[in-house]
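Down below is the structure, laid out as structure tokens.
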Amino acid sequence: PLSLNLSGRLKKDAMRVDNLKFILSKMIITAAADIQHFADPVIDGQAEIATTPLNALAPVLPTLKAYELDGTLTLSDARFNKIAEKLGGSLTLKNGSATSAEIDKKIEKIQASINVADNAIQIRNTSFQVGPSDVNLNATIRNPMKPDITFNLASNYLDVVALMPPIKDKQKSEKKETAP
């Protein structure tokens, strides 16, 4: 389930990583970077995650084991630069769905597009459906360390009762016992 392939060049206090390929479960991460001054590293690089089935993330992220996931995740054009403390890239989620014993309804038609650039996170065309309810989100998070968030959350139809978790049998019986 785990594979690592690395090629590069090492010169005194600097390293050029030409090709890093890291495979964990079915997730394939590729990267390249320049690393200088190992005592106080300066890093400039890029990474990508190949289109990955969401259900392949559960072995990697144990908190996802409670969900049955479907759809794909892709990370492209990810750039990181410790010289200027910059991150950038695009994360895309397509045709996603999630179910869990804790969620009474299946979350379907999950779509997300997240771009990181210029110390801001832009969430665009993000949507999902729960039963007959649809939810759409567009947001911008500026300065993620001290977030300044603007967002637009919309729905053409929102069945609030259907979105609420079911009342447990224990809670129902407690209410009956306390009734006068």
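Residues checked against (1) within 30 Å of Ile43 (Cβ to Cβ); (2) at pLDDT 85 or above:
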residue	(1), (2)
Gly96	no, yes
Lys105	no, no
Ile110	no, yes
Ile141	yes, yes
Tyr157	no, yes
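Scan the range 43-59 and give yes if some residue there is hydrophobic (A, V, I, L, M, F, W, C), open to solvent by 80 Å² or more (accessible area, probe 1.4 Å) and more than 22 Å from Thr99 (Cβ to Cβ), otherwise no. Lay out the reasoning, then the answer.
Of all residues in the range 43-59, those hydrophobic (A, V, I, L, M, F, W, C) come to 43, 47, 49-50, 54, 56-58.
With open to solvent by 80 Å² or more (accessible area, probe 1.4 Å) added as a condition, the list becomes none.
Within the range 43-59, none of the residues are hydrophobic (A, V, I, L, M, F, W, C), open to solvent by 80 Å² or more (accessible area, probe 1.4 Å) and more than 22 Å from Thr99 (Cβ to Cβ).
Per-residue answers, yes or no, for (1) under 15 Å from the mean Cα position of the chain (by Cα); (2) part of a strand (DSSP E or B); (3) farther than 24 Å from Ala120 by Cβ:
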residue: Ile49; (1), (2), (3): yes, yes, no
residue: Ala58; (1), (2), (3): yes, no, yes
residue: Leu64; (1), (2), (3): yes, no, yes
residue: Glu68; (1), (2), (3): no, yes, yes
residue: Thr72; (1), (2), (3): yes, yes, yes
residue: Arg79; (1), (2), (3): no, yes, no
residue: Gly88; (1), (2), (3): yes, yes, no
residue: Asn95; (1), (2), (3): yes, yes, yes
residue: Ile110; (1), (2), (3): yes, yes, no
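Taking the options Ala14, Ala32, Ala39, name whichever one is in contact with an Asp or Glu (Cβ under 9 Å, 6 or more places away or on another chain), surrounded by 11 or more Cβ atoms within 10 Å (Cβ to Cβ), over 20 Å from Gly88 (Cβ atoms) and of a type in the set (Gly, Ala, Ser). Quick ask: steps written out before the conclusion?
Numbers: Ala32 fails: over 20 Å from Gly88 (Cβ atoms); Ala39 fails: surrounded by 11 or more Cβ atoms within 10 Å (Cβ to Cβ).
On inspection, the qualifying residue turns out to be Ala14.
Which members of the range 112-139 meet the condition of being charged (D, E, K, R) and at pLDDT 90 or above? Lay out the reasoning, then the answer.
The initial filter retains those residues of the range 112-139 that are charged (D, E, K, R), namely 118, 124, 134.
The answer is Arg124, Asp134.
The values are calculated or read from the model by the stated rules, or taken from the named source; none is laboratory data. Quick caveat: nothing in here was measured; it's all calculated off a predicted structure. All Cβ positions, glycine included, derive from the backbone under ideal geometry; neighbour counts span all protein chains shown. Calculation scope for accessible area: heavy atoms of the full protein, side chains included, ligands and nucleic acids excluded. Shrake-Rupley method; radii C 1.70, N 1.55, O 1.52, S 1.80 Å.
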